[in-house]
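So the structure is just underneath, and the comments pick up after that.
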Amino acid sequence: MTSRTDTAPLAETSPEERLERLKGLLRGTRGTRAAQALRSSGAGNVLIGALLHAADRLRAGHQATDLEQKLLAVLRAKVPDAEIREWGRVYREAVNQLGENVAVVPRALSTRPVASGYSFADLRAGWGPVVAETMAQKNAMVVSREILAAGAPVEDAEFIAALLENGGLGAVGFDRPRGTLNGASAAGEQMIGEAEGPAEETQGEGDGRAVYREFRAKLELENFYVHREVGDQGGGKDEIYWLASSGSDLINGPAYRSQEFGAVKRGETRSFSSNRVIFDGKMAKRLAMVLYCMEADQSTAAWYDDLMKALGDLAKALYALEFGNALLPGLPGADLVTLATELAKMGVILMEALRNYDDLSATRGIAFTAFDMALLYHRDGGNVAYHFNGDGHHELRMKYTGEPVPFPVGTLEYLVQDARGHWSVPISLGWESMSAPAVASYNGKLYAAFIRPSDQAVMWSVQEAGIWSEPLQIGGWRSYYPPALAAAHGKLYIMVSGLDTKLYWSTFTEATSWSAATQVSVVVNQERPSLTTTAKRSGSGETVWMTCTVKNGNPFTMYHDGTRWTANLDPMPYSPLVRDVSMAPGTSVAYEPWRATRIGETVHVSKPVFTALGPVHWTEKVGPSWPSAHGPTLVTHGSAMHLLFCGTDGGLYTSAAGTQQRTRLTKAAPMDASAAVSHNHKLYVMYRR
């Protein structure tokens, strides 16, 4: 941006007033809400510190770094270079007097020599402590996408109260995959079947991580509810208006200023007129947004557009950084929330310096990813509410009206049914799979496995506290067919058909990770296996059951008692199976493994008949003759068994055992069989979209 050395002084405040306000902030003597919002414990406010450091370097005649150029451009939106140099002088005087104890500036900047620039690389290298400090505060929050998908409020009472305690400032974002699998590595470089190449961790798009594509995102403001009105400040008009700046990873969003809402009162809901759109543009991965709830005063605000555009450009520049390496263990999404917080604070300090009156009620930083946009697109009404609890308390409702997120066909999604029977909207994982997935609950965590299309690698991921890890390949395993998972005997079992069409199995514990693959030597030409776990018939321990289909479509069943696999002759009282088969433990008899498959358009459900020697054959129970495009899925959840299947209309249906009723799960559109598991009192259903 061209230097604005000829910019006229601002009408809102004089240069002298701005410098005095800056002095008060740096010395910790300014008692406004903005000063309260800018409090730091030593690492936060890194963008503010870098801005003041850049002003000091401009004063000293040093060339600005890449980051400093972006930060100075924000200040130059309305402040001339001559005054920026004065900001640098005031900052340097405060540092010389107070050292690292200068207020609102982190130690990493206050102790930095003026000759040493602060670049994007420096920001990335020192990002971890900034995230740690931000996320230790109650006004910064990472929300599970499952909460958003369920239609529940995204902000809790503790967070809303913390906004008021922090000058009305807060930031929120949603979880994203963890960077590691809790220290658990994949199995060694052992291959199965005809696999080639070493075991590997996923390193980028197309290799097991989410696949992003450009799309048009659009966000609109619908209305706001007044929990507590704002008091009139400085003799100005008692009116509310909203400002916003935004930037995606692809474009700088427009500057936004809403209409003014006069004489708002507690208990009212005020709707936005035609001026509703706060972002309408391209994105692929991320979008940062800062919103300000303002009380109108009698001064002009024509310069707001320049400031909001400059902040949006800064957001775009920052989102171009790769923050993945800075993630804190156990708190994915925190880096995005921290970035939104830092952007919000940049706007707060500039408004504090440039405005005549203390008319900023509350400020919110909000971070979105493509996954969040997909959820909002599916969510009824596409809306989400955010609280602005500062001088006043307003609940702002925002709506997504953009394009559906173009995740490729074959990416994984899942649904969650809570304890009340309420289903969430689809939650996109974005991982491409060439097969239907497998899911299992083990040691309080949810596990998933799928096949990576690029090289047929068998991938796995674990969900802990609602957050999925980035997928890893299990050793050198490869397959063309869906894997199967089940938990028993204190282990997680996986069964995979190798590229040689032979069947292999392995077990996992958190202490040892995956064991070496073992071939089931008595079975050849296997395709898709299915696993489930039941109680032992003796009443002590568990049994793992496996059913698969051989090349001619006939079934084959085995069971594992914790020591060995035992093959079971598997005569069927009906024609050969199609490939898809699913198993689930019975509800009335704990040791019975039920299974379901599809022949033509008829769902067949059967269970084994036991003698003193064990199971000898399977009886048939024909389910409802509903049209089904793919094989069914059986799952036992609570005290009931459920049947899920994909209808010929492309929808996913569910039915409780013993009923003739089916229910379509809204907006779910699987391309083949789904996987389902009962986990932590919820029912999870995963499929390829």
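Within region 491-505, if we keep just the residues that are touching a Phe, Trp or Tyr at 6+ places or on another chain (Cβ under 9 Å) and not in a strand (DSSP E or B), the residue that is least open to solvent (accessible area, probe 1.4 Å) turns out to be Gly498. Scanning region 425-480 for residues that are part of a loop (DSSP other than H, G, I, E, B) and open to solvent by 10 Å² or more (accessible area, probe 1.4 Å) gives Val425, Met434, Asn443, Gly444, Pro453, Ser454, Asp455, Gln456, Ala465, Gly466, Glu470, Tyr480.
For region 58-99, the set of residues classified as open to solvent by 10 Å² or more (accessible area, probe 1.4 Å), at pLDDT below 95, of a type in the set (A, V, I, L, M, F, W, C) and within 29 Å of Asp305 (Cβ to Cβ) consists of Ala73 only. Only residues that are closer than 19 Å to Thr532 by Cβ and assigned to a loop (DSSP other than H, G, I, E, B): list them for region 659-680, please. Selection gives Ala673, Ser674, Asn680. A search for C-beta distances below 7 Å between a residue of region 61-74 that is closer than 15 Å to Arg124 by Cα and any residue that is part of a loop (DSSP other than H, G, I, E, B), counting only pairs 6+ apart in sequence or on different chains, returns Thr65/Gly117; Thr65/Tyr118; Thr65/Ser119; Asp66/Ser119; Leu67/Tyr118; Leu67/Ser119; Glu68/Gly117; Glu68/Tyr118.
Okay, residues lined up against (1) open to solvent by 40 Å² or more (accessible area, probe 1.4 Å); (2) touching a Gly at 6+ places or on another chain (Cβ under 7 Å):
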residue: Asn101; (1), (2): yes, no
residue: Val105; (1), (2): no, yes
residue: Ala121; (1), (2): yes, no
residue: Gly126; (1), (2): no, no
residue: Thr134; (1), (2): no, yes
residue: Lys138; (1), (2): yes, no
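No other residue among Arg39, Arg33 is in contact with a strand residue (DSSP E or B) (Cβ under 8 Å, 6 or more places away or on another chain) and under 16 Å from Ala344 (Cβ atoms) apart from Arg33.
Take the residues in region 528-551 that are hydrophobic (A, V, I, L, M, F, W, C) and out of contact with any Ser or Thr (no Cβ under 8 Å at 6 or more places or on another chain), then tell me which one is farthest from Arg595 (Cα to Cα). Restricting to residues being hydrophobic (A, V, I, L, M, F, W, C) and out of contact with any Ser or Thr (no Cβ under 8 Å at 6 or more places or on another chain), the top hit is Val550. In region 30-57, the residues that are crowded, with 20+ Cβ neighbours inside 10 Å reach residues that are at pLDDT 95 or above and hydroxyl-bearing (Ser, Thr, Tyr) with C-beta atoms within less than 7 angstrom, at least six apart or across chains, in these pairs: Ala50/Tyr118; Leu52/Tyr91; His53/Tyr118; Ala55/Tyr91; Asp56/Tyr91. When region 79-125 is filtered for residues that are among the β-branched types (Val, Ile, Thr) and either farther than 16 Å from Glu68 by Cα or in a helix (DSSP H, G or I) (or both), the ones remaining, listed by number, are Ile84, Val90, Val95, Val102, Val104, Thr111. Of the residues in region 270-293, not one is assigned to a loop (DSSP other than H, G, I, E, B), over 34 Å from the mean Cα position of the chain (by Cα) and at pLDDT below 85. Looking at this structure, is Tyr377 open to solvent by 10 Å² or more (accessible area, probe 1.4 Å) and under 20 Å from the mean Cα position of the chain (by Cα)? Yes.
The values are calculated or read from the model by the stated rules, or taken from the named source; none is laboratory data. It should be emphasised that the depicted structure is a prediction, and the values quoted were computed from it without experimental measurement. Please note: Cβ atoms are built from the backbone with ideal geometry, for glycine as well, and neighbour counts cover all protein chains shown. Remember, those area values only see protein heavy atoms, side chains included, never the ligands or the DNA or RNA. Shrake-Rupley method; radii C 1.70, N 1.55, O 1.52, S 1.80 Å.
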